[in-house]
Amino acid sequence: MLDILLTHYPVLTKGLTTTLVVSLSAIALGLVFGVLLAFGLTSRSRWIRWPCGLYRSFWRGTPILLQLLLVFYLLPEVGIEVAPITAAILTLTLNTTAFQSEIFRSGIAHIPAGQIEAARMAGISAWQTRRRIVMPQVLRLTLPPLTNEIITILKNSSLISVIAVTELMRVSEQIASRTFQPLETYLAAAVLYLAVNLVLAQISAHLERRLAGGLATE
Amino acid sequence: MLDLALLWETRELILQGLWNTVWICFLGCLVALSLGLVLAALRLSSPRLFGYPVACYVELCRGTPLLVLLFLLYYGGPSVGLRLDAEIAGVTGIGLYGAGYFAEIYRGGFKSIPKGQLEAARMLGISHWHALSRIQVPQMLRLIVPPGTNQLIILVKESALISIISVDDLTKNATTIVNQTFHVIEPYLAVALLYWMLIELIARGGYALEKHLANREPRPVTRQGESAHAHG
């Protein structure tokens, strides 16, 4: 396994980079849209809540592989030609948005209503309340489940090999078929995924400790 | 609009895929639940001996994609003399992968039981085994139903990966239909609905189990719909 890592490390690194780029893009976009969707889910209007709930139900309740295949084959059908990597980022974003919206929704629910009421009484607009009071606390609260979600996206990125994106898994498949050493190659891939996830977990633990002070809880 | 007649024509493929998905998921989840229990029990009984190995196993399952494990079993297996059928490789992969997560779930359930109860039991002279079976296990069962149901749902969604190691499951057959008929929406949508149905069944079953166990003692139950389909 070590010799596979050493001899093929340029392509493995490229594959890993693609994995990271796709995953982190999807996560970043998912953060933005996830927060928006969370607000949509907790909206007072039924017309906003219902479609948001449907979106969440579909993208959380179906396998990612299916979602990838659906988006990948559907887009050309409706005349949109995109590179596989774009389709991959799009699908992973759509997927993680649904999961992150749940994380943020429960995080928002944890903020004592009294704070929001006091803010509104003090004349702070709804938007400013969310931006300055709710969201900073929510980000701190949701760090653990968010980390899990990030790790999950990273693992799920292995699936985009199916729609012809040359990320780590695909590269491993190519190496395995060239060297006829599937066992060693996939073990090497496993080690790389594990390493990335361990690093992420450490970063998250570090962030959690730093942000631990000054948390408003009931 | 949607060509539903297409689904009727290809119903055999879809139903065959559904059957494969269901039995492979069922067996895989069974293995995961059992193996996870064994791992959790080992860790509980001798923390010094089994604590570290089990923790490593759990981290392995958490840190690597199921796809890598499936590839290792199916494509890497022959190198060490292990020739598995794709379906068996699927069951094994799901089982081994899920076991790591279930081991953690069981452990979490056990840890959540207040230590005071155990101390009181020992003081009253209740034997270790008796305390385990009468006090700890019943409470633990109630605690682990929500995360356990969650994890089962995740495993069902992950089972779609077995299509990549050429098992004729729902996803694979849907792709076959797409390639044969050039209709993309109907097959994938139908299959998505079938997965969703399977998941709803498990979610509702879990909720019913929760309520059944909760009836024995007043305890808060998760609101239906929030059985948090966690990630897959």
**Q.** Neighbours by Cβ (under 7 Å, 6+ apart or cross-chain): first from segment B:22-44, closer than 10 Å to B:GLY98 by Cα; second of a type in the set (S, T, N, Q)
**A.** B:GLY28/B:SER159
Q. Does A:LEU74 fit the bill of being closer than 30 Å to B:HIS183 by Cβ, in contact with a Ser or Thr (Cβ under 6 Å, 6 or more places away or on another chain) and either within 14 Å of chain B (Cβ to nearest Cβ) or surrounded by fewer than 23 Cβ atoms within 10 Å (Cβ to Cβ) (or both)?
A. no
Q | Test result for A:LEU207, in contact with a helix residue (DSSP H, G or I) (Cβ under 9 Å, 6 or more places away or on another chain), within 27 Å of A:THR93 (Cα to Cα), of a type outside the set (Ser, Thr, Tyr) and in a helix (DSSP H, G or I) | A | yes
Q: Sort through B:LEU70, B:LEU35, B:LEU39, B:LEU66 and tell me the only one that's within 18 Å of A:GLU184 (Cβ to Cβ), within 18 Å of the chain's Cα centre (by Cα) and of a type in the set (A, V, I, L, M).
A: B:LEU70
Q: Select from segment B:100-145 the residues that are of a type in the set (Phe, Trp, Tyr) and surrounded by 12 or more Cβ atoms within 10 Å (Cβ to Cβ) and list them in ascending order.
A: B:TYR101, B:PHE102, B:TYR106, B:PHE110
Q: Would you mind telling me which numbered condition in (1) hydrophobic (A, V, I, L, M, F, W, C); (2) closer than 16 Å to A:LEU2 by Cα; (3) in contact (Cβ under 8 Å) with a residue 12 or more places away in the chain A:LEU194 fails?
A: (3)
Q: Return yes or no: is A:PRO51 at pLDDT 90 or above, more than 19 Å from the chain's Cα centre (by Cα) and assigned to a helix (DSSP H, G or I)?
A: yes
Q: Name the single residue, out of those in segment B:73-90 being under 20 Å from the mean Cα position of the chain (by Cα) and within 30 Å of A:THR147 (Cβ to Cβ), that is surrounded by the fewest Cβ atoms within 10 Å (Cβ to Cβ).
A: B:LEU73
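To keep it simple, each residue is scored yes or no on (1) more than 22 Å from B:ILE94 (Cα to Cα); (2) within 20 Å of the chain's Cα centre (by Cα); (3) assigned to a loop (DSSP other than H, G, I, E, B); (4) modelled with pLDDT of 90 or more.
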residue	(1), (2), (3), (4)
B:GLN151	no, yes, no, yes
B:LYS172	no, no, no, yes
B:ALA190	yes, no, no, yes
B:ILE202	no, yes, no, yes
B:GLY205	no, yes, no, yes
B:HIS212	yes, no, no, no
(Q) Are there helices (runs of 4 or more DSSP H) fully within segment B:1-112 with at least 3 residues that are within 16 Å of B:ASP169 (Cβ to Cβ)? List them. (A) B:11-45, B:66-71, B:86-111
Q. Does B:ASN179 satisfy the criteria of being modelled with pLDDT under 90, within 14 Å of chain A (Cβ to nearest Cβ) and either under 23 Å from B:VAL31 (Cβ atoms) or assigned to a helix (DSSP H, G or I) (or both)?
A. yes
Q: Identify, by number, the condition in (1) within 13 Å of another protein chain (Cβ to nearest Cβ); (2) part of a helix (DSSP H, G or I); (3) surrounded by fewer than 18 Cβ atoms within 10 Å (Cβ to Cβ); (4) aliphatic (A, V, I, L, M) that A:LEU20 doesn't meet.
A: (1)
Q) Picking from A:PHE33, A:PHE99, A:PHE58, which residue would you name as being crowded, with 24+ Cβ neighbours inside 10 Å, among the aromatic types (Phe, Trp, Tyr) and within 17 Å of the chain's Cα centre (by Cα)? A) A:PHE99
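Quick grid of which residues meet (1) under 21 Å from A:THR166 (Cα atoms); (2) modelled with pLDDT of 90 or more; (3) of a type in the set (Ser, Thr, Tyr):
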site	(1), (2), (3)
A:GLY79	no, no, no
A:LEU94	yes, yes, no
A:PHE99	no, yes, no
A:HIS110	no, no, no
A:GLN115	no, no, no
A:ARG120	no, no, no
Q: Return yes or no: is A:VAL171 more than 11 Å from every other protein chain (Cβ to nearest Cβ), surrounded by 19 or more Cβ atoms within 10 Å (Cβ to Cβ) and outside any helix (DSSP H, G or I)?
A: no
Q: May I ask you to list the residues in segment B:160-173 that are in contact with a Gly (Cβ under 7 Å, 6 or more places away or on another chain) and either among the small types (Gly, Ala, Ser) or within 11 Å of another protein chain (Cβ to nearest Cβ) (or both)?
A: B:ILE162, B:ASP169, B:LEU170, B:LYS172
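The values are calculated or read from the model by the stated rules, or taken from the named source; none is laboratory data. Worth saying up front: this structure is predicted, and the values here are computed from it rather than measured. Every residue, glycine as well, gets a Cβ built from its backbone with ideal geometry; the counts of neighbours run over all protein chains shown.
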